[in-house]
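Structure record follows, encoded as structure tokens.
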Amino acid sequence: MKIINVVFLAVVLVAGPTWAESLTGPQKNAVRSANQYLSMQGFSREGLIQQLSSEYGDSYNRSDATVAVDSLNVDWNEQAVRSAKQYLKLQGFSCRGLIDQLSSSYGDGYTESEATYGARQTDACE
């Protein structure tokens, strides 16, 4: 059993860097851009892909932006908390209004579950 665990661990350690190395140049650049955006504010997965691929954003190919975002280890629930707190610094929201803003395709694009989690971590939903 220990041999199987050691072999599995070796495969995981070798496969991780190899996959990251298989990113194309544009995908690696999109990863850098995504990390910069995430360092400034909260983003949903869809919102970050949209930012990276929009002609008004970074204009990466949508498939490159998607691969880049999916290669990151991001806690989308925590991103929703960040976004919820940022909204509440600007204006008041009801719990439902904040969830709607976070989950709207015209807002942040979080999933309903992520938006609910994010809103419930604030004083809007006490």
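Just so you know, all these numbers are worked out from the coordinates, no wet-lab data involved. Small disclaimer: the values here were computed from a predicted structure and weren't measured. Note: ideal-geometry Cβ built from the backbone for every residue, glycine included; neighbour counts use all protein chains shown.
To the nearest 20 Debye, how big is the dipole of the range 75-126 about its Cα centre, given +1 on the beta carbon of each Lys and Arg and -1 on that of each Asp and Glu? Each step should come with its number before you reach the end.
On the way: 5 positive and 8 negative charges, 36 e Å.
Roughly 180 debye, rounded to the nearest 20.
Given their separation in residues at 0.36 nm each and the Cα-Cα distance between them, Thr24 and Glu46 gain 5.8 nm when the chain is fully extended.
With the simple model of a label 7 Å out from the Cα in the direction of the Cβ, Ser54 to Thr111 spans 2.3 nm.
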